[in-house]
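What follows is a short report on a single structure.
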Amino acid sequence: MARFHSLEVTDIRRDTRDAVVVTLKPDAPDAEAFSFIQGQYLTFRRDFDGEELRRSYSICAGLDEGCLKVGIKRVDGGAFSTWANEELKVGDRLDAMEPMGRFHTELEPTAAKGYLGFAGGSGITPVLSIIKTVLAREPESTFTLIYANRQTSSIMFREELEDLKNQYLGRLSLIHVLETETQEIDLFTGRIDAEKMDLLFKLWIDAEEVDTAFICGPEPMMLTIAESLRKHGLTDEQIRFELFASSQPGRAKARTASKAAAAAAGTCELSVTLDGTTRNFQMEKDGTSVLEAAVANSMDAPFSCKAGVCSTCRARVLEGEVEMEVNHALEDYEVRAGYVLSCQCIPVSDKVVISYDE
Ligand code: FES
């Protein structure tokens, strides 16, 4: 199975000074593989000076738009995002993996749900896909979006959000919170902190009307919001997270072997199943991740951030014990079911059986 497919860039639209929206078209045989679920992301790869970089960007299109597009915000020092913002042009081709990610809930066309979304900066991208989709597919549902940015000029999809508000009159409420710009209502100026969350719940949001909350942004903001949501009565099942793209360092950090892994030094017999094929090999228990070992043994195992953020490298441990160093992507129930982020997984037992196909 080809892990990457070549997509044609059919449109590039500048959205803010440092963000572009790139529309992509798969070749006809790949069209089905690139049908997506709202809130999913694409992982791209490109060589920069002989080194392959992989980056994930969320799809910003709704299910009914009939196109595939992603928002790419330039990150300081980010090779891929800078290249996409400055050099990418219509007609170029980009290698991408099929859409991935579980930042969504099931659509229920007859339901009348209350959704609450929090987005910080480019974290709006998957949330926009969700907003467009649920408003179109669940005609009785409503959505309240609280969108944090530094200033008006850095608001991605500003016009599109206004248009959606007008199109879905009374069903989409939009609150911009701007860090450095004074607004008519004091509450909407500054950062989203615990105090502001309390006031939002007191004055604008009825927690009892919320069925699901989606949060996408930088980690500290997400943690503050999630804590407040719990405090105001939402359960963990009602809160969905996605860390946004610039949290992805993109290169594996130098790994320090944990105590458990160090104590377990020696070798591990690793069995890896990928695309229906199982390979067995020995790996050192020296802090090397299962993903690194699989790739070193010429397996085309999927990955992107290598930082425990994106979940592209998700696999399931069928036998043996591993230690997962960082997990920003898997839910507790997935971990309980044996799923791991293989980029963060270090073998502890002498034998580990893992599958990417589960
Ligand atoms: Fe992103 Fe492992 S590659 S979480």
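The values are calculated or read from the model by the stated rules, or taken from the named source; none is laboratory data. Owing to the predicted nature of the structure, the values given are computational and were not obtained by experimental measurement. Note that each Cβ is placed from the backbone with ideal geometry, even for glycine, and that neighbours are counted across all protein chains shown. For accessibility, only protein heavy atoms count, side chains too; no ligands or nucleic acids. Shrake-Rupley method; radii C 1.70, N 1.55, O 1.52, S 1.80 Å.
Out of the residues in region 31-44 that are within 16 Å of the ligand (Cβ to nearest atom) and among the aromatic types (F, W, Y), which is surrounded by the most Cβ atoms within 10 Å (Cβ to Cβ)?
Among those residues, the one meeting the criterion is Y41.
Going through region 323-334 one residue at a time, which ones are more than 13 Å from the ligand (Cβ to nearest atom) and modelled with pLDDT of 90 or more?
Of everything in region 323-334, just one residue is more than 13 Å from the ligand (Cβ to nearest atom) and modelled with pLDDT of 90 or more, namely E323.
Output the residues belonging to region 332-353 that are open to solvent by 20 Å² or more (accessible area, probe 1.4 Å) and under 14 Å from T312 (Cα atoms).
Passing the criteria: only Y339.
Have a look at D47, D64 and point out the one that is open to solvent by 30 Å² or more (accessible area, probe 1.4 Å) and under 19 Å from F157 (Cα atoms). Step through it out loud before you land on a result.
Numbers: D47 fails: under 19 Å from F157 (Cα atoms).
It is D64.
Is one or more of the residues making up region 49-66 among the small types (G, A, S), in a strand (DSSP E or B) and touching a residue at least 60 places away in the same chain (Cβ under 8 Å)?
Yes, some residue in region 49-66 is among the small types (G, A, S), in a strand (DSSP E or B) and touching a residue at least 60 places away in the same chain (Cβ under 8 Å).
If you check R102 against the conditions, is it open to solvent by 20 Å² or more (accessible area, probe 1.4 Å) and within 18 Å of the chain's Cα centre (by Cα)?
It is true that R102 is open to solvent by 20 Å² or more (accessible area, probe 1.4 Å) and within 18 Å of the chain's Cα centre (by Cα).
Looking only at residues that are open to solvent by less than 10 Å² (accessible area, probe 1.4 Å) and β-branched (V, I, T) in region 261-316, which one is nearest to the ligand (Cβ to nearest atom)?
Result: T312.
Scan region 99-131 residue by residue and report those that are among the charged types (D, E, K, R) and either in contact with a Leu (Cβ under 7 Å, 6 or more places away or on another chain) or without any contact (Cβ under 8 Å) to a residue 60 or more places away in the chain (or both).
Within region 99-131, E106, E108 meet the criteria.
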